[in-house]
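Below is one structure; the comments refer to it alone.
Every read-out reported here was derived from the displayed coordinates using simple, explicitly stated rules and does not represent laboratory data. These numbers come from a predicted model, not from an experiment. Methodologically, a virtual Cβ is constructed for each residue, glycine included, from the backbone with ideal geometry; neighbour enumeration extends over all protein chains shown.
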Amino acid sequence: MLSSRKYRYLTISIDDGHPADLRVAELLARFGLTATFYIPAHNPEREVIMQSQVRQLAANFEIGCHTMHHVPLTSLPESEARSEIHDGKQWTEDTISGPATSFCYPRGKHSRRVARMVRAAGFLGARTVKLNILDAPADPYAWGVSTQAYSHSALVQFRHALVETNLSGLLAYATTFRFAKDWRGHLLTAAEHVAEYGGIVHLFLHGWEVAERDEWRNLEIAVRELADRQQLTCVTNGELFAKWQSLRSTTSDNEASLLANVSRVTKP
Ligand SMILES: [Zn+2]
């Protein structure tokens, strides 16, 4: 529990609802891991699975909202951004006949204004694409991830971190991850760090990227390695967001942010 002040969570999120995500789901189910699939109603760039398939996925996994049209919300006028968020929530809830509590910003693009709209729509938390984050955020509408299942060059990592003003991620990339390029090695470092110091391993991926790069074998090895880590408790993004929120409602803001920072210990 978060209140134990020493938690070790594993959470996995898969974006975009591409048909390849169904193969990811099969793989995760085989290893007994849960996850959150963020699925937009439409995506101008790629195929999205049918609603009946989203419903089937919902039987074993969390379905999170990824808006109606997968357009960066910061590029839209306020009323359109609001519709993308609200209609996306409605579409998800109609599709799965249940509540959608988790949100993911298309392309990770967010701002204070957009985050306020997501909060007002009733989501418990929102995921960004800030990399190299190994713990809960101070702001639940700006959850980062530890690792993307995609090998980024150091240059891309630096650029991402600067664009997203993710300075703590940049610091962790240099100190904890030691500029790791290979994503599986990066993930392993995250898992080892969290097993030792506490925190959250958050793996995020696009099924279409795994398919395009034919990384299925690599993904299977990574999932097996995660499943073997008995110290990590696997939860959906939504379960994590709910824990964050319940913690905040039972403690003072001060204490909540203190707890959010508890495992942010720099490796000697
Ligand atoms: Zn996306």
Item to complete: Quick one: which residues, 5 or more positions from F204 or on another chain, have an amide H under 5 Å from its amide H? H modelled 1.01 Å from N in the peptide plane, none for Pro or chain starts.
Response: S13, T147, Q148, A149
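Just in the stretch 28-108: which chymotrypsin sites (Phe, Trp or Tyr not before Pro) are loop by DSSP and have at most 15 other Cβ atoms within 10 Å? Could you put the intermediate results ahead of the total?
Values: sites: F31, F37, Y38, F61, W91, F103; in loops: F31, F61.
The qualifying sites are F31.
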Discussion item. Could you list W183, W143 so that the one with the fewest beta carbons within 10 Å of its beta carbon is first and the one with the most is last?
Written reply: W183, W143
Worksheet item: Normalised by the residues of the chain, what does the relative contact order come to in percent, with Cα pairs under 8 Å and at least six apart?
Response: 27
Worksheet item: Where in the stretch 117-197 are there trypsin sites (Lys or Arg not before Pro) that are in a DSSP coil and have at most 14 other Cβ atoms within 10 angstrom of their Cβ?
Response: R178, K181
Discussion item. Order these by the 10 Å Cβ neighbour count, fewest first: D16, D87, D182, D21.
Written reply: D182, D87, D16, D21
Worksheet entry | Close Lys-Lys pairs in the chain, where close means Cα under 25 Å and separation is 8 or more or interchain | 13
Worksheet entry | Binned Cα-Cα distances of the chain, short to long, each 5 Å bin given as a whole percent | 1, 6, 14, 18, 20, 19, 13, 7, 2, 0
Discussion item. Test of understanding: ordering T236, T165 by Cβ neighbours within 10 Å, fewest first, what list do you get?
Written reply: T165, T236
